[in-house]
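What follows is a short report on a single structure.
None of the figures in this text is laboratory data; all of them are computed from the coordinates on show. For clarity, every value in this text was computed on a predicted model and none was experimentally measured. Please note: Cβ atoms are built from the backbone with ideal geometry, for glycine as well, and neighbour counts cover all protein chains shown.
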Amino acid sequence: MKDFATLRIHGKSLHAFLGILYIYAPISLRSSFLNKLSSRQKKRAYV
């Protein structure tokens, strides 16, 4: 029973971790992508 409880806790923490990754990973990817786009646009503007 103890093992099952710890397993449940680990499962919940893992689920929360995956949820955080699912929420934050796309944001970081988007921001890096936007930074690349904006840097390209700035280069174009300077040229």
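Look at (1) 16.6, 52; (2) 10.4, 28; (3) 20.1, 68: the one that is Rg and Dmax of the Cα atoms in Å derived from this structure is (3). Shown is the FRET efficiency for Phe33 and His10, computed with R0 = 35 Å from the Cβ-Cβ distance and rounded to the nearest 0.05: 0.55. May I ask for the angle, rounded to the nearest 10°, between helix 2-46 and the longest principal axis of the chain, with both axes built from Cα atoms and the value confined to 0 to 90°? Here the helix axis deviates by roughly 0 degrees.
How high is the FRET efficiency between Lys2 and Tyr24 when r is their beta carbon distance and R₀ equals 30 Å, given to the nearest 0.05? It comes to 0.35. Overall, the stretch 2-46 carries a charge dipole of about 400 debye about its Cα centre when +1 sits on the Cβ of Lys and Arg and -1 on the Cβ of Asp and Glu, all other atoms neutral.
Along the axis of the charge dipole computed for the chain (Cβ charges of +1 for Lys and Arg, -1 for Asp and Glu, origin at the Cα centre), the listed residues Leu18, Ser39, Phe4 are led at the positive end by Ser39.
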